[in-house]
Amino acid sequence: MTKLMRELIERLEALPDAEQDALAREFLSVLEGEVYELTPEQEEEVRKALEDGEPNASPQEVEAFFACFRG
């Protein structure tokens, strides 16, 4: 295992369990070659959200967003 991978794992271990699980699912999907493509409407929603100056999404909101792409 590389030094960078060890550092990543140590940082992940410090996160709450729900965040660890959400990130693990995303990492696994990348390793499995899954690609998520947003619809034009979703792209517009993301663009607006980034421009509105509001706080970032909570871990639960992020999980709910990605859950809609899973089978």
*asked:* Using only the alpha-carbon atoms, how far is helix 3-13 inclined from the longest principal axis of the chain? Give it as 0 to 90 degrees, nearest 10.
replied: 70 degrees
*Using a probe of 1.4 angstrom, how much of the accessible area of the chain is carbon and sulfur, in percent?*
58 percent
_Taking mean projected area of the Cα convex hull in nm² straight from the coordinates, which label in [x] 4.7; [y] 6.3; [z] 5.5 is the correct one?_
[y]
_Spelling out what I want: for every residue of region 17-34, take phi, set θ = phi - 60°, compute 6.51 cos²θ - 1.76 cosθ + 1.60 (Karplus), and round to whole Hz; glycine and proline get x._
3, 4, 5, 4, 5, 4, 5, 4, 4, 5, 4, 5, 5, 5, 4, 7, x, 6
*How far is it, in nm, from the label point at K48 to the one at L23 when both lie 7 Å from their Cα along the line to the Cβ?*
3.1 nm
*Cleavage-rule hits (chymotrypsin sites (Phe, Trp or Tyr not before Pro)) in the chain: DSSP loop, at most 16 neighbouring Cβ within 10 angstrom*: Y36, F69
*Average accessible area per residue (Å²) across the chain - probe 1.4 Å, nucleic acids and ligands excluded*: 87 Å²
*Go through region 46-54 residue by residue and turn each phi into a ³J(HN,Hα) via Karplus (6.51, -1.76, 1.60, θ = phi - 60°); whole Hz please, and just put x for glycine and proline.*
5, 4, 4, 5, 6, 8, 7, x, 6
*So which GluC sites (Glu not before Pro) in region 23-53 are both in a DSSP loop and have at most 13 other Cβ atoms within 10 Å of their Cβ?*
E32, E34, E37
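The values are calculated or read from the model by the stated rules, or taken from the named source; none is laboratory data. Just so we're clear, the structure is a prediction, and the values are computed from it rather than from any experiment. Here the Cβ is made from the backbone with ideal geometry for all residues, glycine too, and neighbour counts use every protein chain on show. Please note that ligands, DNA and RNA were not included when accessible areas were found on the heavy atoms of the full protein model with its side chains. Shrake-Rupley method; radii C 1.70, N 1.55, O 1.52, S 1.80 Å.
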